[in-house]
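The values are calculated or read from the model by the stated rules, or taken from the named source; none is laboratory data. Just so we're clear, the structure is a prediction, and the values are computed from it rather than from any experiment. Note: ideal-geometry Cβ built from the backbone for every residue, glycine included; neighbour counts use all protein chains shown. Only protein heavy atoms, including side chains, enter the accessible area calculation; ligands, DNA and RNA are left aside. Shrake-Rupley method; radii C 1.70, N 1.55, O 1.52, S 1.80 Å.
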Amino acid sequence: MILTTNNIFVPHCLALNVTCKSRPTVYVRSLSTRAPEVLVSEPLSHQVVENKTKENQFENLEALWEDGYGSQSKEDFYKLAKEFSKPDGGPPRWFCPVSCGRQFNDSPVLLYLPGLDGLGLGLMLHEKALGKFFEVRSLHIPVQDRTPLEDLIQLVEESVRFEHSASSKKPIYLVGDSFGGCLALAVAARNPTIDLVIILVNPATSFERSRLPTLLFLFEALPNIFHGALSAIYLSAIRDIGDLLTKDTLIWRLKLFQSAATYANSYLHAITAEILVLASNRDKLLPSKDEAQKLAKSLQNCRICILKGNHHQPLLESDYKLMTIIKGSTKYRRSSSHDLVKDYIPPSMSEYKKESEGHWLYQVATSPVMLSTLEDGTIVSGLTGIPNDGPVLFVGNHMLMGLDLFILYLQFLKEKHKMLRGLGHPQNLTLDNDSGIPHLSIWFRVFGLLPVTAINMFKLLSADSYILLYPGGSREALHRKGEVHKIFWPEKQEFVRMAAKFGATIIPFGSIGEDDISEMIADYDDMMKIPGVNTYLEELNEQMVQLRQAEEGEVANQPAHFPFVLPKIPGRFYYLFGKPIKTKGMEKILNDKEISQAMYLLIKSEVEKNIAYLIRKREEDPYRSFLKRVVYQAKTNTPWDKVPTFEI
């Protein structure tokens, strides 16, 4: 296939992106103000040699990678939109955003289908992040273009079929923005056998229930003199769009909206594609939140994510990052099925900063102390004693309601640039929710949490990961009164032999401090004595996934509940990572059930020793009290994570 400009005027804002693969009728966009090179009628394969080196391997991506968020803004969009809205005499076509750069080898294709403006610039804030993991192409529909709906559907459909024939084992992503959402659904209905992942952003399938039919009627009925006023009133949700599109173009586009919505709604029953709907709860142009819930019931394989506080163009707002949502909803995959380990994308720098800054008050209040142990048994400050190479299995105790989790995640990212892959209760990762995918679930998945299963542990060990395991599970995280810092582990080992099979280093650790920030008022036993509450808890637990039902003892007693606690003037959190236990070369020895059980009991004993050490030593910490830390920080201007502690 060749890239040609024959009989088509190329605007000065289009230029060659040499990382774009050979595709039919594909242009590329440059944000540079310099005059671009005009594309020639020559096979792109002659101009570009694909990079298949190790440096371009997905597996080499490190945590805290730069995703480019913040480098472009909504204002940049409107500046470029004025250039893109100028007549160019060309038909609808695809272009590759230059800022997407070079994607990783074997990345799937992502086709962006625009909304009312048709310009194809809606991914501007997300291009650099998406460009690492997708071959991104955006559809540009010139302002003066009058291509009918059927031809637009056919244009997208031909591209989808071409990509599928070129690489049938990879999914094809369609991001449909408003009107583009109807196009995406139409293509999905006509191609049920192609592996499509569709992301709908405030889809226009709700056209007939919006204010747009009234706007269309008024545009057709009233003189041109009212065009500006009508645009200002009805299109206030899309700033400056009325200035970019003439009255005739708006009428044409609104009719396209109407036809596309009717077409898509007629074939919802035939769609088998994997679908994620992103809906703004403050969309003033379309009833997007209600429409998302309607689509979730009408489509076979659909999840929804409600974007709180956003308007009709959430992709041009900085609150939500499309790549983060794709990751957090487990929609990113490079083959026919999603692999929680191979397809995992570690947190970017902006994701780390957002979570770190979002929890700064909690971190200041608890001022965590991190200690680790060298191979010779010496305890040192920080995570120096943690091996740099995996696999490493961290085994420890849970604080109440997992208060310790995000502190560990963020600290390992900050100090080691390593991602802890936690193994947790599947209920924490639920994605099926009538009101949308919970934000907490997205956060957990972005920061590496997986459902606790033997298969997932096997995959993580084989990938040389840092793995976080709490054998006490929910029983420890939801303990009762008087059980602070007490561990509840299964009687028999569950991880030693598997860790030894991969030569993993096991690090037992202890964490304390929940008793310094809260006091439990009512636990599960108390709640079960309250009429109405006990019925609610029974019904809740009937619906939840139950783990370790075959186990005996306290570890099997894991009913879900939300203990009632009162906050205290905060003390401090303390973590001690014990001496590394190496299993490399011990596979045959630890395969023996009795020896592996003895190792398991040793690890449990080390965790208890670490907890006891921290409880004892914190009494010597001159800055255990929050008030003393605040005074010290005010006098010395010391960051919260540098406040001194007890002598080691």
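General observations
- Residue match in the range 454-465 (condition: of a type in the set (S, T, Y), at pLDDT below 95 and under 23 Å from the mean Cα position of the chain (by Cα)): no
- Positions within the range 123-132 being open to solvent by 10 Å² or more (accessible area, probe 1.4 Å) and under 30 Å from D248 (Cα atoms), in sequence order: L125
- Single residue of G122, G131, G90, G101 found to be out of contact with any helix residue (DSSP H, G or I) (no Cβ under 6 Å at 6 or more places or on another chain) and not aromatic (F, W, Y): G90
- Lone unmet requirement of (1) surrounded by 23 or more Cβ atoms within 10 Å (Cβ to Cβ); (2) more than 28 Å from the chain's Cα centre (by Cα) for V109: (2)
- Cβ-Cβ under 8 Å pairs, at least 6 apart or on other chains, the range 563-590 side among the polar types (S, T, N, Q), far side buried (at least 17 other Cβ atoms within 10 Å of the Cβ): T583/V496; T583/A499; T583/A500; T583/A504; T583/T505; T583/I506; T583/L590
- Some residue of the range 382-394 being part of a loop (DSSP other than H, G, I, E, B), closer than 14 Å to A63 by Cβ and open to solvent by 20 Å² or more (accessible area, probe 1.4 Å): yes
- Per the listing S350, S367, the residue uniquely farther than 28 Å from G472 by Cα and touching a residue at least 60 places away in the same chain (Cβ under 8 Å) is S350.
- Looking across the range 288-319, the residues that are surrounded by fewer than 18 Cβ atoms within 10 Å (Cβ to Cβ), without any contact (Cβ under 8 Å) to a residue 60 or more places away in the chain and within 25 Å of F77 (Cβ to Cβ) come down to K308, G309, D319.
- Members of the range 325-344 found to be open to solvent by 40 Å² or more (accessible area, probe 1.4 Å), touching a residue at least 24 places away in the same chain (Cβ under 8 Å) and of a type in the set (S, T, N, Q), listed by number: S335, S336
- Filter pass, E135 being modelled with pLDDT of 95 or more, crowded, with 19+ Cβ neighbours inside 10 Å and closer than 28 Å to K74 by Cβ: yes
- Residue match in the range 178-188 (condition: over 17 Å from D117 (Cβ atoms) and surrounded by fewer than 19 Cβ atoms within 10 Å (Cβ to Cβ)): no
- Counted as qualifying within the range 404-500 are the helices (runs of 4 or more DSSP H) with 3 or more residues that are open to solvent by 20 Å² or more (accessible area, probe 1.4 Å), namely 405-416, 439-446, 454-462.
- Check on S336, hydroxyl-bearing (S, T, Y), within 20 Å of V187 (Cβ to Cβ) and modelled with pLDDT under 95: yes
- Taken as a whole, the range 521-542 holds no residue that is closer than 24 Å to L371 by Cα and at pLDDT 85 or above.
- Sole exception among (1) part of a helix (DSSP H, G or I); (2) of a type outside the set (S, T, N, Q); (3) more than 37 Å from the chain's Cα centre (by Cα) for G585, by number: (1)
- Note on the range 234-255: residues that are within 16 Å of L119 (Cα to Cα), at pLDDT below 75 and not charged (D, E, K, R) total 3.
- Any hit, the range 191-203, residues being among the hydroxyl-bearing types (S, T, Y), more than 16 Å from L268 (Cα to Cα) and over 25 Å from the mean Cα position of the chain (by Cα): no
- Residue match in the range 193-215 (condition: crowded, with 19+ Cβ neighbours inside 10 Å, over 21 Å from N310 (Cβ atoms), in contact with a helix residue (DSSP H, G or I) (Cβ under 8 Å, 6 or more places away or on another chain) and at pLDDT below 95): yes
- Of residues in the range 249-287 being out of contact with any helix residue (DSSP H, G or I) (no Cβ under 7 Å at 6 or more places or on another chain) and among the hydroxyl-bearing types (S, T, Y), the one least open to solvent (accessible area, probe 1.4 Å): T249
- Taken across the range 142-162, residues that are touching a residue at least 12 places away in the same chain (Cβ under 8 Å), charged (D, E, K, R) and touching a Leu at 6+ places or on another chain (Cβ under 9 Å) do not occur at all.
- Of the criteria (1) open to solvent by 60 Å² or more (accessible area, probe 1.4 Å); (2) at pLDDT below 75; (3) among the polar types (S, T, N, Q), which one S231 fails: (1)
- Count of the range 599-636 residues which are surrounded by fewer than 17 Cβ atoms within 10 Å (Cβ to Cβ), part of a loop (DSSP other than H, G, I, E, B) and either modelled with pLDDT of 95 or more or within 35 Å of the chain's Cα centre (by Cα) (or both): 1
- Single condition T147 does not satisfy, out of (1) surrounded by 14 or more Cβ atoms within 10 Å (Cβ to Cβ); (2) part of a loop (DSSP other than H, G, I, E, B); (3) among the hydroxyl-bearing types (S, T, Y); (4) within 35 Å of the chain's Cα centre (by Cα): (4)
- Here T430 meets the list (1) of a type in the set (V, I, T); (2) at pLDDT below 85; (3) under 17 Å from A477 (Cα atoms) almost entirely, failing just condition (3).
Yes/no matrix, rows are residues, columns are (1) open to solvent by 20 Å² or more (accessible area, probe 1.4 Å); (2) assigned to a loop (DSSP other than H, G, I, E, B):
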residue: A63; (1), (2): no, yes
residue: Y69; (1), (2): yes, yes
residue: Q72; (1), (2): yes, yes
residue: E75; (1), (2): yes, no
residue: K79; (1), (2): yes, no
residue: E83; (1), (2): yes, no
residue: D88; (1), (2): no, yes
residue: P91; (1), (2): yes, yes
residue: F104; (1), (2): yes, yes
